[in-house]
Amino acid sequence: MRMGWRWLLVVVLGLNAGVWSVGAVAGEPLAAVGRPNIVWISCEDISPLLGCYGVTSARTPRLDRLAAEGVLWTHAFACHGVCAPSRTGIITARHPISLGANHMRSRVTLPAGVRLFPELLRESGYYCTNNSKTDYNVVRDLKVVWDESSGKAHWRNRRKSEQPFFAVFNLTMTHESKVWPEGWREVVRGLEPTTLTRTDAVTVPPLYPDTEVVRGDFARLTDLIAVMDREVGRLLDELDSAGLADDTIVMFWSDHGNGLPRAKRWVYDSGLRVPLIVRVPEKYREWAGVGIAGSRDERMVSLLDLGPTVLSLAGVSLPAGLSGQPFLGPDAHRGRRFIHGARDRLDERQDLVRSVRTERYRYVRNLMPWYPALQEVAYGERNETLKEWRRLGAAGGLTEQQGQWLQPRRAEELYDLQSDPWELQNLVDDPGLSGVLAELRGECDRWQLQEADVQLLPEAMLERESVRLGVVRGELFAGESGRERLERVLRAAEAAARGDGIRVSEWVQEADAAVRWWRVEGLSRRLKSGEVVFGEVLDLLSAAAVDEDPVVRLSAACGLAHGGQFEHAAEICRGVLVAAGGDEILLTAVMRTVDESGAELFSRCRGDLEKYSGGEYFDRLLQHAKR
């Protein structure tokens, strides 16, 4: 009979205690060798573009060596294609959509009992440091989360050399902004010109136009990864020099995919698939359950699993309610059947996309398909590849598969990753895949309902309801009544994405403002494209224009503007501006409505808008509208 890996190690912590508490269930093999140190080395904005993943242009000897000494994951994925939501998922081990924290750079209060996983490690006796990026979308006192979080934070700063540590090092030189020529020059300063990547040495995927400009971005990214590899080597050398390599588990990962268009910020493999390498010292291998050195693990894992894996490896019990699950340690999962991804507001632009991936297929649900995939986000527009993409699109120089990302989307997408790894051919209408489509559509429903996807509420409404009801965002769909409401809102969102009509009498009788908003939004957006005849929805827009909810009124203003009733639309926007007061989220929603409704509405609202400052995103939209 196998003994003891659930036996309890209890140590009393006190000011003068000379031992470190495990404070949780731990295994006999772990107790026998001592708990491992754990180091995370994260980098930003790269897909698996390393030599160990078969990329011939890569110059990554230290990471290749780490993979040879450890295990390389071939199917690791982020939950979001941009840093703050992705890192929020990692630090909470929960899908940000369940917390209302999936909008870029939001500040969300967590539900009672939801904690950031390093807190549990600290309570069990680990010294926890973060050097130094946080970028979480949640409000939390970092002094509770980390022993130290700064540019000087390091495992060697602990007071007791025998104290186990969890140390995070975040490398930033591969960030999207460093691919820009000016950022790249800063990173590679001091390198010999002969060591820099030539544009003819890189391979351009079929997603992108193969021009010298685009090749330049891929060449610069290759250089940045090479510089990052050197820094990884330096961090590994520190462990070797201190004699700690045999006591320390090392995990390397990126927070999401490449910082290029239709990659970063997006839910395809180009934005979600990431490198993941784990090196486990020999004495912990049985406990961790890893393969032999140099092996590959084909299981699908999510970065949400990172925190639970660390807790498992440290012998700390996992709290209930986590979306993540350990992929190493005594409770390791056998691999996920589905990987889920989500996209919501990105800086100043809104969107709402959900995705489900299996080993072979990806399903994408676009709940705002009226926006093109490459919707303009001011920060991302500085990318040279995107500039080239737009230039060629205007000149008719793109292939059909490249040009589709500049157009409004279908409500659903389905890709066969085996035959189409770059996800360019939407097979949603293929009758031979109807069974696959039904299964993944159902899984997306199940996931959104299980996670209580509160992001189905427009952001200004989400925030206002949270304040009015005195509950955090993540609890708005709590309980049976909350689930029933969520289902109604989800069905309304899906109907809006499909372009379903609605009778005025039905709309007026609808008590839920979120449902009313989705129905008006779906019709208003289609007026611009001519899919909806203005005269047939005028009564509905007129009713929505006096709705009690300001977000519904803004949606009506959008529709009225597209129907040529600019002064009526302007009156609505002015009224919401006045009512918004200092509500930055609502002010930005007004500015977004005006910006997306065209020059005529902006000209009528310009003077009123310039009286306000809704923060960075409001000002970005204002500058865009002026152009």
(message) Can you pull out every residue in the range 325-365 that is under 19 Å from A76 (Cβ atoms), outside any loop (DSSP other than H, G, I, E, B) and among the β-branched types (V, I, T)?
(response) I339, V356
(message) I'd like to check which helices (runs of 4 or more DSSP H) are fully inside the range 128-245 and have at least 3 residues that are over 25 Å from Y379 (Cα atoms).
(response) 142-145, 212-241
(request) Give the number of residues within the range 246-264 that are within 11 Å of L221 (Cβ to Cβ) and of a type in the set (A, V, I, L, M). (result) 2
(request) Being more than 30 Å from G321 (Cβ to Cβ), surrounded by 22 or more Cβ atoms within 10 Å (Cβ to Cβ) and β-branched (V, I, T) narrows it down to one of T92, T195, T199, T174, so name that one. (result) T174
(request) Note down all Cβ pairs under 9 Å where the first residue falls in the range 185-212 and is in contact (Cβ under 8 Å) with a residue 40 or more places away in the chain, the second is loosely packed, with under 10 Cβ neighbours inside 10 Å, and they're at least six residues apart or on different chains. (result) A201/T56; T203/T56
(message) Which pairs turn up if I take residues in the range 358-373 that are farther than 19 Å from L207 by Cβ and look for partners that are of a type in the set (K, R) and open to solvent by less than 10 Å² (accessible area, probe 1.4 Å) with beta carbon separation below 7 Å, at least 6 apart in sequence or on another chain?
(response) R365/R354
(request) Give just the number: which of (1) under 27 Å from the mean Cα position of the chain (by Cα); (2) open to solvent by less than 10 Å² (accessible area, probe 1.4 Å) does F165 not satisfy? (result) (1)
(message) Being of a type in the set (V, I, T), touching a helix residue (DSSP H, G or I) at 6+ places or on another chain (Cβ under 7 Å) and open to solvent by less than 10 Å² (accessible area, probe 1.4 Å): is that true of I277 here?
(response) yes
(request) Enumerate the helices (runs of 4 or more DSSP H) found wholly within the range 525-606, keeping only those where 2 or more residues are at pLDDT 95 or above, β-branched (V, I, T) and out of contact with any strand residue (DSSP E or B) (no Cβ under 9 Å at 6 or more places or on another chain). (result) 550-562, 566-580, 584-597
(request) Report, by residue number, each residue of the range 504-525 that is open to solvent by less than 20 Å² (accessible area, probe 1.4 Å) and of a type outside the set (V, I, T). (result) W507, D512, A513, A514, R516, W517, W518, E521, G522, L523, S524
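For every residue, the table says whether it meets (1) closer than 19 Å to L457 by Cβ; (2) surrounded by 20 or more Cβ atoms within 10 Å (Cβ to Cβ).
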site	(1), (2)
E531	no, no
L540	no, yes
G564	no, no
A570	no, yes
L586	yes, yes
S603	no, no
L609	no, yes
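The values are calculated or read from the model by the stated rules, or taken from the named source; none is laboratory data. Nothing here was measured: the structure is a model prediction, and the numbers come from that model. Neighbour counts are summed over all protein chains in view; Cβ atoms, including those assigned to glycine, are modelled from backbone coordinates with ideal geometry. Remember, those area values only see protein heavy atoms, side chains included, never the ligands or the DNA or RNA. Shrake-Rupley method; radii C 1.70, N 1.55, O 1.52, S 1.80 Å.
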